[in-house]
Amino acid sequence: MDTPRPFPVSPPDSAWLRMENPSNPMTITGVVGFGSALSLNALRRFVGERLVRFDRFRMRIEGVGTSRPRWIPDDRFDLDHHVYEVDLPAPGGKVGLEALVSDLMSTPLSFAHSPWTFHLVHDVDHGDGTSGSAIVVRVHHVIGDGIALMHVLIHAVDEYFDAERLDGKSEADAAPSDSPLAKAPRPSKSLLRRAGGGVASLGHLLTMRADSQTVFRQGASPQKQAAWTDPISLETVRQVGVAMGGKINDVLMSSAAGAIRRYLIDQGEPVDGVTVRMATPFNVRPLERAHELGNSFGLVFVALPVGEATAEDRLRVTKERMDAVKQTEEPAVVYAILQTIGRTPMWAHRFVVNLFEKKASGVLTNVPGPRELLHIEGAPITTLMFWVPQAGEIGLGISILSQNGSIRVGIAADVTLVKDPAVLARAFEAEFSALAAAFAPEAA
């Protein structure tokens, strides 16, 4: 592998880099679970021979905190800075894994090297009839968004790894550091046209009222906790969607609405007339750029129908709201804003982040994963989960990932807001079970 050439951090990537704060590290945390043992040597071989062919995984950022950060080769790159083998905290099993994930999620990554780490653990019961090793993955958002990182995983596994294919042009070749494009990156013309036509969407975003002051709007803290659901059948989700004339994402969003409604009621909080929005990523990456790392998404702010009394009504209203937001230019407008604030003075960046954080109680993201069983160094990947970071003072994240016919939902929450996020995970399962019983009884 050739030494990668320096290149500037793009404006959208810089925007997410600058959102890093002690209460909300911009770290995507994930778990890759295996149905057998994976040795430390095998993991190091996987990383050293496959993962680091993606340049950013052996580069560091120079100028963090400035208006012109750039990626440069890490002259002291060493797998010992990134790959660790650790013991599960007592009592082990899923409880121990939850504790480890929560601890690592609460710990900011270092920018002395490329901002990512792998922590390997063993003898993990995955709760789905499989057990084996697991990797707790942490990757800073500046490296890439969920879709980009899924691309990395797919092209590094045994089934699809192709060294010659990955040893093509580096990212620096696409935008040389001495080119005008590198100094002033621009979105595509089509994106500019969409954003330019989004005056109404921009006005809507700016005039949108703040979310209701619920338990989820009490401010962020550095201490995070993680939980996740048991596997949910993707086919059952699809059947519920078909029965209601909706899509898989509509069903999952409405299940999240029901889970939050249940939690608010359990906490003695009102739900009627309450606004609980989720900032939801919306991909704007063109198909021809699907292979690129970095962040190419806007956001839509979706009000979850927590005031609707029945699961059926919550699904109906969720579908209506998702259909409506798809007709707007909100994602392109927000992406254009990210393009802008990635190069503005920090005070302007903070102003925009503070403005938008008031309009959401959490972040909800849905990333499609592999449709088949994949392997790393011969070990079958039986579990994939991740937890999305939150920006500003937002303290709740809901992450949905599909894999090989199943869906898992990860919950990340500040301990000051949700003492036990497993309660929300169980509420999500209960809400979906109610939908399945009503609309897909044979599958349920």
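Miscellaneous remarks
- Screening the candidates Lys326, Lys358, Lys319 for the property of being of a type in the set (D, E, K, R), more than 30 Å from Ala37 (Cα to Cα), modelled with pLDDT of 90 or more and not assigned by TED's automatic domain parsing to the domain that holds Arg138 yields one hit, Lys319.
- Being out of contact with any helix residue (DSSP H, G or I) (no Cβ under 7 Å at 6 or more places or on another chain), in contact (Cβ under 8 Å) with a residue 12 or more places away in the chain and assigned to a loop (DSSP other than H, G, I, E, B) is a property that does not hold for Ser114.
- Of all residues in segment 117-160 being among the acidic types (Asp, Glu) and in a loop (DSSP other than H, G, I, E, B), the one that is farthest from Ser10 (Cα to Cα): Asp128
- Residue match in segment 366-380 (condition: in a loop (DSSP other than H, G, I, E, B) and assigned by TED's automatic domain parsing to the domain that holds Ala256): no
- Selection count, segment 423-444, where residues are outside any helix (DSSP H, G or I) and in contact with a helix residue (DSSP H, G or I) (Cβ under 8 Å, 6 or more places away or on another chain): 3
- Filtering segment 1-37 to residues that are surrounded by fewer than 23 Cβ atoms within 10 Å (Cβ to Cβ) and more than 30 Å from Tyr335 (Cβ to Cβ) leaves Met1, Asp2, Thr3, Gly35, Ser36, Ala37.
- Within the set Val101, Val52, Val124, the sole residue that is among the aliphatic types (A, V, I, L, M), touching a Gly at 6+ places or on another chain (Cβ under 8 Å) and closer than 24 Å to Glu377 by Cβ turns out to be Val124.
- All positions within segment 138-175 that are modelled with pLDDT under 75 and either within 18 Å of Asn404 (Cβ to Cβ) or in contact with a helix residue (DSSP H, G or I) (Cβ under 6 Å, 6 or more places away or on another chain) (or both): Leu166, Ser170, Glu171, Ala175
- Pair list, Cβ under 9 Å, 6 or more apart: segment 258-269 residue without any contact (Cβ under 8 Å) to a residue 60 or more places away in the chain, other residue among the hydroxyl-bearing types (Ser, Thr, Tyr) and part of a helix (DSSP H, G or I): Glu269/Tyr263
- Scanning segment 329-357 for residues that are outside any helix (DSSP H, G or I) and under 26 Å from Phe386 (Cβ atoms) yields a count of 1.
- Residue that is nearest to the chain's Cα centre (by Cα), among those in segment 294-323 that are crowded, with 20+ Cβ neighbours inside 10 Å and aliphatic (A, V, I, L, M): Leu299
- Condition check for Leu97: without any contact (Cβ under 8 Å) to a residue 60 or more places away in the chain, farther than 19 Å from Phe46 by Cβ and either assigned to a helix (DSSP H, G or I) or in contact with an Asp or Glu (Cβ under 9 Å, 6 or more places away or on another chain) (or both): no
- Qualifying residues in segment 187-226 (those that are of a type in the set (Lys, Arg) and modelled with pLDDT of 80 or more) - the one surrounded by the most Cβ atoms within 10 Å (Cβ to Cβ): Lys224
- Filtered by the rule that a residue be modelled with pLDDT of 95 or more and among the basic types (Lys, Arg), segment 1-49 gives Arg44, Arg45.
The values are calculated or read from the model by the stated rules, or taken from the named source; none is laboratory data. All figures in this text were calculated on a predicted structure; none of them were measured in a lab. Positions of Cβ are generated from backbone atoms using ideal geometry, with glycine treated the same way; all protein chains shown enter the neighbour counts.
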